[in-house]
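Beneath this line is the structure, given in structure tokens, with notes to follow.
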Ligand code: GLN
């Protein structure tokens, strides 16, 4: 079938969950047998979010092809099980860069280069790029920001033009907010009406309205909104707060969102989406009673979105193990030898988070020493793995002041060092070792057992690496380098086999954990944490 395009815009306020709605719709369409992809267009000028710190933008997600991307792409993958690529996340910066490059090459043949048509044409080209591959029946495009933002105007103009050009092959979904005024005990539809009006002023008539709400919106109120907004009454769907984001696809299906969208796209829906495996996951989630407590030691723990993929991977793993997970966020800057016992007391497993720079690093070493000497299941990811190596070097190998050259460029023991290929790099944007690389696991290692394989591929985002000059010393003292890049020998996985579960990965397994295909390493870590909890009883 010819590719259909679905646009998802947002109104009234940000953070309404356009990403979850887009993902839920994609999940349903996929369960109906369609080939679906989701892409996000972000209105900011950065070429990609790789240079943004987590305070600005939450977690930076990484695609298999090594693109530093918006964290919504993580939701897209978790809900659809379809890998995303560089093409799935485009910013204003990328659009302008490409137009300016063309201008410099002389591609515009002496014309004045303008927002319309040149920027909008470039946006349209990017919107259609995945559709043109022939690999997808539906391309869902989420437009970042809120209608009315200056920055998103060119994107909305491109959507307006595409609606004409695609003639029926296109559906517009607008997500708004219906606030509840506590003092008046009333839901208010006015912000939605205004938001749709703004969209209409830009020439876009939404086909479907999704109303985010904390309270049930009565049918007459939905009808009123439909009337005011030129939308058919059955195409006004509510999205009330859900106990879990993974319930949203089911809640949307109960209101026939998938059928409505198919009809608007000119397709008569047949049968029901096959949500068997998804529902199985939900029932495991609902029937879980026991809780497993995982400590997460990092320096961004006060930010809700900074460790999104790790949080979700833990949740997925716990659900498959029939448990609820309680993630105890522990600020690495606050961990000291005096309080570490009480901070980690009651945790069944500990994650040492990824990160950059010196801040909070000493707390990670303190936490790690405690975990190692008390045999608590411990999982170090990226910087967390590097910290495992440094702590072991200092406290087991006796290499005083061992460090990463990231933290101490003149350390006498650079057990973690800048990768050779990084030494000539000066630009910060998109220059780390990024994306999926193969890793060969040692047969018989805990990591290989967890994966059930000795050949895996996982995603990366780092500049520093284990310094292999120290490898023999580590292995003789009990920390094994059990995962290596088959081409370069770069150490990807370390573990201490004499402990319950003490594994560090240079890569980020959390980026590839999805609802239907959870990360084997997170699952194995979770099993070990549960076993440890049982043992403590
Ligand atoms: N800062 C470390 C490096 O660049 C680790 C990066 C990370 O944790 N993602 O190698």
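Filtering region 418-430 for residues that are part of a strand (DSSP E or B) and without any contact (Cβ under 8 Å) to a residue 60 or more places away in the chain leaves a non-empty set. Across region 306-322, the qualifying residues are those that are part of a loop (DSSP other than H, G, I, E, B) and within 16 Å of the ligand (Cβ to nearest atom), and the one among them that is farthest from residue 526 (Cα to Cα) is 306. Checking the structure you have, find out if any residue of region 179-189 is buried (at least 21 other Cβ atoms within 10 Å of the Cβ) and either touching a strand residue (DSSP E or B) at 6+ places or on another chain (Cβ under 8 Å) or touching a residue at least 40 places away in the same chain (Cβ under 8 Å) (or both). Within region 179-189, none of the residues are buried (at least 21 other Cβ atoms within 10 Å of the Cβ) and either touching a strand residue (DSSP E or B) at 6+ places or on another chain (Cβ under 8 Å) or touching a residue at least 40 places away in the same chain (Cβ under 8 Å) (or both).
Report whether or not residue 396 is more than 10 Å from the ligand (Cβ to nearest atom), at pLDDT 95 or above and surrounded by fewer than 24 Cβ atoms within 10 Å (Cβ to Cβ). For residue 396, the condition - more than 10 Å from the ligand (Cβ to nearest atom), at pLDDT 95 or above and surrounded by fewer than 24 Cβ atoms within 10 Å (Cβ to Cβ) - is met. Based on this model, can you work out whether residue 12 counts as in a loop (DSSP other than H, G, I, E, B), touching a residue at least 24 places away in the same chain (Cβ under 8 Å) and touching a helix residue (DSSP H, G or I) at 6+ places or on another chain (Cβ under 6 Å)? So residue 12 passes the test. The residue that is nearest to residue 487 (Cα to Cα), counting only those in region 401-441 that are surrounded by 13 or more Cβ atoms within 10 Å (Cβ to Cβ) and more than 29 Å from the chain's Cα centre (by Cα), is 415. Do we have any residue at all in region 444-459 that's touching a strand residue (DSSP E or B) at 6+ places or on another chain (Cβ under 7 Å), within 20 Å of residue 351 (Cα to Cα) and within 16 Å of the ligand (Cβ to nearest atom)? Yes, some residue in region 444-459 is touching a strand residue (DSSP E or B) at 6+ places or on another chain (Cβ under 7 Å), within 20 Å of residue 351 (Cα to Cα) and within 16 Å of the ligand (Cβ to nearest atom).
Within the option set 303, 262, being under 16 Å from residue 234 (Cβ atoms) and either within 25 Å of the chain's Cα centre (by Cα) or buried (at least 19 other Cβ atoms within 10 Å of the Cβ) (or both) holds for one residue only, 262. Scanning region 152-170 for residues that are in a helix (DSSP H, G or I) and at pLDDT below 95 turns up 163, 164, 165, 166. What are the residues in region 374-393 that are near the ligand (Cβ under 9 Å from one of its atoms), outside any helix (DSSP H, G or I) and on the phi < 0 side of the Ramachandran plot, if any? 381, the sole residue that qualifies.
Residue-wise test of (1) touching a residue at least 40 places away in the same chain (Cβ under 8 Å); (2) under 25 Å from residue 246 (Cβ atoms); (3) in contact with a helix residue (DSSP H, G or I) (Cβ under 7 Å, 6 or more places away or on another chain); (4) within 16 Å of the ligand (Cβ to nearest atom).
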| position | (1), (2), (3), (4) |
| --- | --- |
| 324 | no, yes, yes, no |
| 342 | no, no, no, no |
| 348 | yes, yes, yes, no |
| 359 | yes, no, yes, yes |
| 363 | yes, no, yes, yes |
| 368 | no, no, yes, yes |
| 403 | no, no, yes, yes |
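Cβ-Cβ contacts under 8 Å between residues 6 or more apart (or on different chains), taken from a first residue in region 495-507 that is more than 15 Å from residue 466 (Cα to Cα) and free of Cβ contacts under 8 Å to residues at least 24 places away in the same chain to a second residue that is outside any loop (DSSP other than H, G, I, E, B) and within 16 Å of the ligand (Cβ to nearest atom), are absent.
The values are calculated or read from the model by the stated rules, or taken from the named source; none is laboratory data. These numbers were taken from a predicted model, which means no experiment stands behind them. Positions of Cβ are backbone-derived with ideal geometry, glycine not excepted, and every protein chain shown enters the neighbour counts.
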